[in-house]
Amino acid sequence: MQQPPMLPIDLTAVVAVFMGTLIVLIPVAGATVRFAIKPITEAMAKMKESQGTAQQMALIQQRMELMEHQFGAMESEVHRITEVAEFTAQLKSPEK
C-alpha cells in the first residue's frame, strides 16, 4: 500500500489565515466577555452596597438606642431637679 503523497505546508499561508481569523475573533470575544461580565459586576456592586447599607443601619440603630437611653436619663434628672426645686420653694415659703 502506498500512502497518499504529502503536500508541502505553506507556513506563511497558515500563519496569515490564523492572524486574519484572530483579527476578527479578538474584538468579538472582547465584546462578548464585556456583555457577559457586566451584569455580574453590577450584581456584585449592589451586593456590596447593600452590605454597607446594612452596616450603616445597624450603626444608626445603635446610636438611636444610646440617644434614647440618654434622653431617659435626662428626663429622670429633670424630674428630680423639679422635685428639689419644689421642696426648696416649700422650705423658703413662710409657714401659714
Take residue 23 and decide whether it is assigned to a helix (DSSP H, G or I) and within 36 Å of the chain's Cα centre (by Cα). no
Within the range 1-10, can one find any residue that is assigned to a helix (DSSP H, G or I) and either out of contact with any strand residue (DSSP E or B) (no Cβ under 6 Å at 6 or more places or on another chain) or not β-branched (Val, Ile, Thr) (or both)? no
Being in a helix (DSSP H, G or I) and either loosely packed, with under 10 Cβ neighbours inside 10 Å or touching a Ser or Thr at 6+ places or on another chain (Cβ under 8 Å) (or both) is the requirement here; does residue 60 meet it? no
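Since every read-out is calculated from the coordinates, none of them should be taken as a lab result. Computed from a prediction, not measured in an experiment: that's the story for all the values here. As a convention, Cβ positions derive from the backbone with ideal geometry for all residues, glycine included, and neighbour counts pool all protein chains shown.
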